[in-house]
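Written below as structure tokens is the structure these notes are about.
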Amino acid sequence: MVFVENIIQCELNYTRQFSTEYEDENIIRFRNHEIRDMHSHNFTYIKKKEKELKIRSLFEEEIAICKNERVKYCNLIINSDVHPRILSYIQHPSVLSINVFYKFDFSKLQSIKSIEGCRIEKVTTVEAFDDMLTVDLDADEAINGRDFCVRRCYGRSPIYLRDQGVEAYLCYHGDDLIGRCDLFISGDVAKIEDFSIIGKYQRLGYGSTILQSLIEKALDQNCKTVYLVTNGSDTAKYMYEKLGFDKIGEMSEIRFIL
């Protein structure tokens, strides 16, 4: 599958909200120096499909740079398949995963059922980050640890509190905190990101309610495309497909352990 250019640009512009960049003819290297252990903010995007020898050379160059930066991993993203043979030539262990892109079919919007009484509130104050952290801890503390979740949540707070850029939303039902989600708009393309529902409220319809609300917000801002990205093994992808998201492409992500 081949992506349309505007979705690729939206992905890159989203990362630019959190990270600095270096670009040449082959790559764009992103770095978030405040949260260096966050893979999604610290990676190198390889711009185009190359022959195996060229890909291997780019991989080795980026690994050398990461080792010089004294980090424990080198994260690479490429918009093409990566043959296992390339990875076998590199001495460092690696993890290959597939990021799957889903685009929303607007004709399905009216069929999404939402829960009455839910409030989807934009995060506009520092105090709201306590609730964001509660959701993040419920979703990620067991895997990533409390320290990482705290640093990620509060470290990104200046970006969320800007007048423009990535918008964070919290979902409430009555007095109950339900979940959170982000919305980023670049031109007429909207990306839905960091979608998470607290465990005890999952599979009750709250996820559909949040997604419907954010899609409507994107439409209100004249967006012609709304998409999200999930790992190929993510069980939530079945919910996305049921709601009206169609798979449009994949990207390979390779993480070398240094």
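The values are calculated or read from the model by the stated rules, or taken from the named source; none is laboratory data. Note that this is a predicted model, so its numbers are computed, not measured. Note: ideal-geometry Cβ built from the backbone for every residue, glycine included; neighbour counts use all protein chains shown.
Kindly state which strands (runs of 3 or more DSSP E) lie completely within segment 1-74 and contain at least 3 residues that are at pLDDT 95 or above and within 22 Å of Ile98 (Cβ to Cβ).
Numbers: elements: 20-23, 27-31, 43-46.
Qualifying strands (runs of 3 or more DSSP E): 27-31, 43-46.
So, in segment 105-123, how many residues would count as being loosely packed, with under 12 Cβ neighbours inside 10 Å and either of a type in the set (Val, Ile, Thr) or assigned to a helix (DSSP H, G or I) (or both)?
The number of residues fulfilling the criteria is 3.
Please verify whether segment 148-158 includes one or more residues that are of a type in the set (Val, Ile, Thr) and touching a strand residue (DSSP E or B) at 6+ places or on another chain (Cβ under 7 Å). Walk me through how you get there before you give the answer.
First, the residues of segment 148-158 that are of a type in the set (Val, Ile, Thr): 150.
Adding the requirement that they be touching a strand residue (DSSP E or B) at 6+ places or on another chain (Cβ under 7 Å) leaves none.
No - not one qualifying residue is present in segment 148-158.
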